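Each reported figure results from applying straightforward, stated rules to the coordinates on display, with no laboratory input. Just so we're clear, the structure is a prediction, and the values are computed from it rather than from any experiment. In this analysis, Cβ positions are derived from the backbone assuming ideal geometry, glycine residues included, and neighbour counts consider all displayed protein chains.
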Amino acid sequence: MKYIISILSLIFLLANSSLAADYGTGALMVVVERENGAIMVIDSAQDHKVLGEVSGLGVLHHASISFSRDGRYAYVVSRDGFLSKVDLLKLKIVSKLKVGESAIGLAVTQDGKHIAISNYKPGNIVIVSDKTFKIVKTIPADKSKTVGLVDAPGNLLVVSLMDADQTWVIDAGKPDFPVIRKYKNIGEKPYDALLTPDGRYYLVGLFHSPWITMIDLLKPEGFTKIPLPRPEKDSHKKPVLKIPHLEGWIMAGDYLYAPMVGGSGLAVIDKKTWKAKKFIELKGHPIFAMARPDMRQIWTNYVLGDNHDKVEVIDVQSQKVIKTLTPGNKIFHIGFAPKGGTIYISSYGDSKLLIYDTSTFELIKEIPIKKPSGIFCTNRSSIFGL
């Protein structure tokens, strides 16, 4: 009898090993196929091998992706309000849930137990249990769209209210998820926000106020307004009306580099004083500014205007542009592989993904993909605010 059991056990092990993935999840690049309602998964550690696609994820215009703490699962929130849990080893959806009518962002709590979703419609924050994949809490947001949702140290969530000009702090470590702080009158029309890599400073971009609002999460008594510089040629224009996608802002060394649509370049803000130091002139209105993991380069892209096919590289030490690339039509997003040796660039207009060596600027590989947009690396699972 024991021999039969041993044989059955061996058959079971062999069967399961044949189904096991031959890759880890620490260096996967997940690319949104914007018009397909799908994602493509690529292993940057295996010569940028395409592992496969997962479809049925909903409307992926402005889709956002976060990851489980072990990097195995991708949480994808669609604009039409579906949250999907994708197994990156089996390349399939394992859970899917309706969380709103118009979702805009998500964050995984520090302990990994919950996924929070910010909704434009209805204006609220929805908390989902990762274990049961059911909604455990809905937090109304004073009839306001919610934006800039991030996870922060202390198992906190921070979110801004676009129509109420506020920022809220939520304690995700307590069963009832209480709102423990409300910062009011932070500026007109919060649009998006970011958390610095150390998890301390929450920075809010505003549609109609010419400053950034900075909240020090270790000093809950107030907030700071950081005026934004503009180059001479833009001095006659109205104040900055839009600061896009602040999760594309970056901190490199002692400075924050902030792309602004109100001026063709990057504002350089001194972290020690929280005052603007200078303005780096660029070819257009940067949508994303991404720092290479070693903080020695900043890469920017331009969706709007005549330079939508360009990517510029800034040397952090000199704070000057050192390279201009023309990867393709309508560059929607850029994302570094772990440690930054390569960068992925999505050309929405040409339906292709381009991979460059960040030291030589040489094109390594080109992958056909239908209408690519957002690029998300699984290493985001260990970074606050992402």
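Taking S346, S373, S144 as the candidate residues, the one with maximal mean-square fluctuation in a Gaussian network model of the chain, Cα springs under 10 Å, is S144. The value of relative contact order for the chain, using C-alpha pairs under 8 Å at least six residues apart, is 11 percent. Mean separation of Cα pairs under 8 Å and 6 or more residues apart, divided by the residue count, gives the stretch 137-214 a relative contact order of 23 percent. Put in order of Cβ neighbour count within 10 Å, fewest first, the listed residues K365, K184 become K184, K365. For D22, neighbours were defined as the other residues whose beta-carbon sits under 14 Å from its Cβ, and their charges (Lys and Arg +1, Asp and Glu -1) total 0. Think of the chain as a dipole: +1 on every Lys or Arg Cβ, -1 on every Asp or Glu Cβ, centred on the Cα centre; then among V158, H308, A74, V158 lies furthest on the positive end.
One quarter of the surface of the convex hull around the alpha-carbon atoms of the stretch 342-386 equals 3.9 nm², the direction-averaged projected area.
Please say if the stretch 119-163 is rounded, prolate or oblate, where rounded means a/c under 1.5 for a ≥ b ≥ c the square roots of the C-alpha gyration tensor eigenvalues, and otherwise the choice is prolate for a/b larger than b/c and oblate otherwise? The shape class here is oblate. Both radii come from the Cα set of the stretch 99-209: Rg as radius of gyration, Rh as Kirkwood radius; their ratio Rg/Rh reads 0.94. Within the shell of other residues whose beta carbon sits under 14 angstrom from the beta carbon of D216, the net charge comes to +4, with Lys and Arg scored +1 and Asp and Glu -1. Qualifying chymotrypsin sites (Phe, Trp or Tyr not before Pro) in the stretch 353-386, where qualification requires a DSSP coil assignment and no more than 15 other C-beta atoms within 10 Å, comprise F361.
Net charge dipole, the chain: roughly 560 debye, given to the nearest 20, about the Cα centre with Cβ charges of +1 for Lys and Arg and -1 for Asp and Glu. Equivalent ellipsoid of the stretch 263-302: semi-axes from √(5λ) of the C-alpha gyration tensor, largest first, are 18, 15, 7 Å.
Across the stretch 13-171, the relative contact order, built from alpha-carbon pairs under 8 Å that are at least six residues apart, equals 12 percent. For K137, the amide hydrogen comes within under 5 Å of the amide hydrogens of I127, counting only partners 5 or more places away or on other chains and with H modelled in the peptide plane. Overall, the anisotropy analysis places the stretch 299-386 in the rounded class: the square-rooted eigenvalues a ≥ b ≥ c of its C-alpha gyration tensor yield a/c less than 1.5.
Would you compute the Debye intensity of the chain from its alpha-carbon atoms alone, equal scatterers and no solvent, and pass along log10 I(q)/I(0) at q = 0.11 Å⁻¹ to two decimals? Result of the Debye calculation: -0.76. Partners of K330 within straight-line reach, counting aspartates and glutamates whose Cα lies under 17 Å from its Cα and excluding those fewer than 8 residues away in the same chain: E33, E35, D306, D309, E312, D350, E366.
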